[in-house]
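The values are calculated or read from the model by the stated rules, or taken from the named source; none is laboratory data. Quick caveat: nothing in here was measured; it's all calculated off a predicted structure. As a convention, Cβ positions derive from the backbone with ideal geometry for all residues, glycine included, and neighbour counts pool all protein chains shown. Remember, those area values only see protein heavy atoms, side chains included, never the ligands or the DNA or RNA. Shrake-Rupley method; radii C 1.70, N 1.55, O 1.52, S 1.80 Å.
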Amino acid sequence: MKKLLFSACLVLSAISWACSCQHKAGSILVGKDSISFDSIKVDSTVFLADGDAASPACHISLSITYAIGKNADYINDSIIRSGILSPDYFSISSQKLSVEEAVDSFMSRYLSEYKHDYGELYRADKAHSASYNCEYIVNTSIMQESDDYFTYVANIYNYGGGAHGISVVITKNVNVKNGKIVSLKDIFVPGYERDLNDIIVDNLCDQFKVKSLEALRQKTIFLGIDVYAPDNFIIGKKDITFIYSPDEIASHATGEIRVKISNDDLKDLFRK
């Protein structure tokens, strides 16, 4: 699959977007501190050949949920820099941006780099024009099952040529009291990894109806790699769900794998 060649500097938008819309919608209440959420939506398409709708195109659609209220600025900045948008332009900069500014900046840069990097390839290889079509779609939402955390969920579809696109889910769990994104190291005791890995293997064995890690590997699960707990997880009221993206620990045909573990099984690993 062809990949964009990302430049180091920000390119201001010089692109005439074929279509563009932006609006805010919806609001929900989360947690004891009255944190509410709204969303901003943008949708644009740019063609490699100006004015030629038959030429390859890049379509980008972003629906980005953002916080309003207590700790909103901190939460929004943390989420924008957490990798829900890829490439992660914002993690290499300390510049403070509103969500609207960040979304506009990301879209402008993404489309500008597509036109620059794919344009030269297309002009040299118009016989395979379909391979230069791209699509990037991000839809975000909020989940809350635990009183102490809410989960920011990003459903992402990315197509950059090739046989098929890639769909992934990225989750970030946020502490309601302080607005910080939490990691596994924040909720589990030091040295938790070995016991957690064993619990994950047991769960996967039940899912795939086998009896050992070796048998899982025969099904291409954790084949050639060590067992690990992913950074993608959802903190529920009575459990934690770990999410492995397609191709992460198994063959593409297996798809996304979720491992839901009850708090009772994790009780010895939680920080007090």
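Details
- Residues that are among the polar types (S, T, N, Q) and more than 20 Å from F270 (Cα to Cα) do occur in segment 187-209, at least one of them.
- Residue check, K115 among the charged types (D, E, K, R) and in contact with a Cys (Cβ under 9 Å, 6 or more places away or on another chain): yes
- Filtered by the rule that a residue be closer than 22 Å to L48 by Cα and of a type in the set (G, A, S), segment 70-90 gives a lone residue, S86.
- Failed item in (1) hydroxyl-bearing (S, T, Y); (2) open to solvent by less than 50 Å² (accessible area, probe 1.4 Å); (3) within 18 Å of the chain's Cα centre (by Cα), with Y192 passing the rest: (3)
- Summed over segment 91-138, residues that are more than 26 Å from G51 (Cα to Cα) and at pLDDT 95 or above total 1.
- Those residues of segment 103-113 which are hydrophobic (A, V, I, L, M, F, W, C) and within 19 Å of Y159 (Cα to Cα), in sequence order: F106, M107, L111
- Among the residues of segment 138-150, those that are open to solvent by less than 40 Å² (accessible area, probe 1.4 Å) and closer than 25 Å to G165 by Cα comprise V138, T140, I142.
- Count of segment 175-189 residues which are in contact with a Lys or Arg (Cβ under 7 Å, 6 or more places away or on another chain) and surrounded by 15 or more Cβ atoms within 10 Å (Cβ to Cβ): 4
- Segment 114-135, residues that are open to solvent by 90 Å² or more (accessible area, probe 1.4 Å) and either within 23 Å of Y157 (Cα to Cα) or in contact with a Pro (Cβ under 8 Å, 6 or more places away or on another chain) (or both): H116, H128
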